[in-house]
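Q: My questions all concern the structure below.
The values are calculated or read from the model by the stated rules, or taken from the named source; none is laboratory data. What you see is a predicted model, and the numbers here were worked out from it, not measured in a lab. We place every Cβ from the backbone using ideal geometry, glycine too, and count neighbours over all the protein chains shown. Only protein heavy atoms, including side chains, enter the accessible area calculation; ligands, DNA and RNA are left aside. Shrake-Rupley method; radii C 1.70, N 1.55, O 1.52, S 1.80 Å.
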Amino acid sequence: MTEAVVRKTGGVPSNYAIILFGLFFFPIQIVAIFFAKKRRYDGDDWERSHYEMQYRSAAAYLAIELALFIIGAVALRLTPARNVAEVASLRTWMGFITFAGYVPLAWLAIRCIRGLFLAGAKAPLANPRSYTIWPH
């Protein structure tokens, strides 16, 4: 009697989807980070490279967004708005900080979409530790 080897499919594409969904709903992204961290040493070569890239990208994104949040909170707390010019200056800085938050969001989205295409082909990433916008 031969036993059929049942190979479960990797969760790489679904983890990319969770990270992308987590861009709009923050707590969900933390689940994807823990999943990628746990699985980055298991599975095939292509799966390990994708999980490594997912973990590093999502963690870097969260660190940058947290830093921008802290900068914005400190700026709001330490800036007493006494006149119209100070309020306008504060609005300008808050607008800049908000715009600066979209740059890492776009960076992570592009990396995840590219990773989805490579995961569909089951192609490993050449350098999963790279932070370039277009992983190979």
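Q: Which one is nearest to Arg111 (Cα to Cα) among residues in the stretch 44-76 that are under 11 Å from the mean Cα position of the chain (by Cα) and of a type in the set (D, E, K, R)?
A: Going residue by residue through the stretch 44-76, those that are under 11 Å from the mean Cα position of the chain (by Cα) are 53-65.
Now narrow it down to the ones that are of a type in the set (D, E, K, R): 56, 65.
Numbers: Arg56: 11, Glu65: 17 Å.
Across the stretch 44-76, the extreme among qualifying residues is Arg56.
Q: Also, I was wondering about something else. Taking the criterion of being more than 18 Å from the chain's Cα centre (by Cα), part of a helix (DSSP H, G or I) and within 27 Å of Gly11 (Cα to Cα), would at least one residue in the stretch 106-125 satisfy it?
A: Kept after step one, since they are more than 18 Å from the chain's Cα centre (by Cα), are these residues of the stretch 106-125: 120-124.
Among the residues that remain, those that are also part of a helix (DSSP H, G or I) are: 120.
Filter again for within 27 Å of Gly11 (Cα to Cα), leaving 120.
Yes: one or more hits.
Q: Among the residues of the stretch 63-77, which ones are farther than 19 Å from Val87 by Cα and open to solvent by less than 80 Å² (accessible area, probe 1.4 Å)?
A: Those that are farther than 19 Å from Val87 by Cα and open to solvent by less than 80 Å² (accessible area, probe 1.4 Å): Ala63, Ile64, Glu65, Ala67, Leu68.
Q: Further question: Test Pro80 against the stated conditions and say whether it is touching an Asp or Glu at 6+ places or on another chain (Cβ under 7 Å) and open to solvent by 40 Å² or more (accessible area, probe 1.4 Å).
A: Values: touching an Asp or Glu at 6+ places or on another chain (Cβ under 7 Å): no; open to solvent by 40 Å² or more (accessible area, probe 1.4 Å): yes.
So Pro80 does not fit the description; no.
Q: Given the criterion farther than 19 Å from Leu105 by Cα, modelled with pLDDT of 90 or more and open to solvent by 80 Å² or more (accessible area, probe 1.4 Å), identify the matching residue among Lys38, Lys8. Steps first, answer last, please.
A: On the way: Lys8 fails: modelled with pLDDT of 90 or more.
Result: Lys38 is the single residue among Lys38, Lys8 that is farther than 19 Å from Leu105 by Cα, modelled with pLDDT of 90 or more and open to solvent by 80 Å² or more (accessible area, probe 1.4 Å).
Q: Continuing with this model, one more query. Between a first residue in the stretch 1-30 that is farther than 21 Å from Tyr61 by Cα and a second residue that is modelled with pLDDT of 90 or more and surrounded by 10 or more Cβ atoms within 10 Å (Cβ to Cβ), which pairs have beta carbons less than 6 Å apart while being 6 or more apart in sequence or on different chains?
A: The qualifying pairs are Gly10/Glu47.
Q: Which residue out of Ile19, Ile30 is more than 17 Å from Gly115 (Cβ to Cβ) and either touching a Pro at 6+ places or on another chain (Cβ under 7 Å) or modelled with pLDDT of 90 or more (or both)? So that I can check it myself, show each step before the final result.
A: On the way: Ile19 fails: more than 17 Å from Gly115 (Cβ to Cβ).
Criteria check complete, one pass: Ile30.
Q: Looking at Ile113, Ile133, which one is closer than 15 Å to Ala60 by Cβ and open to solvent by 40 Å² or more (accessible area, probe 1.4 Å)? Let's see the steps before the verdict.
A: Working: Ile113 fails: closer than 15 Å to Ala60 by Cβ.
Exactly one residue qualifies, and that residue is Ile133.
Q: Considering only residues that are closer than 27 Å to Trp134 by Cβ and either small (Gly, Ala, Ser) or touching a residue at least 60 places away in the same chain (Cβ under 8 Å) (or both), which ones fall in the stretch 64-90?
A: Scanning the stretch 64-90 gives a single hit, Ala67.
Q: For the stretch 9-43, name all the residues that are of a type in the set (Lys, Arg) and either within 10 Å of the chain's Cα centre (by Cα) or in a helix (DSSP H, G or I) (or both).
A: If the condition is that a residue be of a type in the set (Lys, Arg) and either within 10 Å of the chain's Cα centre (by Cα) or in a helix (DSSP H, G or I) (or both), then Lys37, Lys38, Arg39 are the ones that fit.
Q: Of the residues that make up the stretch 91-105, is at least one basic (Lys, Arg), in a helix (DSSP H, G or I) and more than 24 Å from Pro135 (Cα to Cα)?
A: In the first step, residues of the stretch 91-105 are kept if they are basic (Lys, Arg); the result is 91.
Among the residues that remain, those that are also in a helix (DSSP H, G or I) are: 91.
Next cut, more than 24 Å from Pro135 (Cα to Cα) only: 91.
Yes, that holds for at least one residue.
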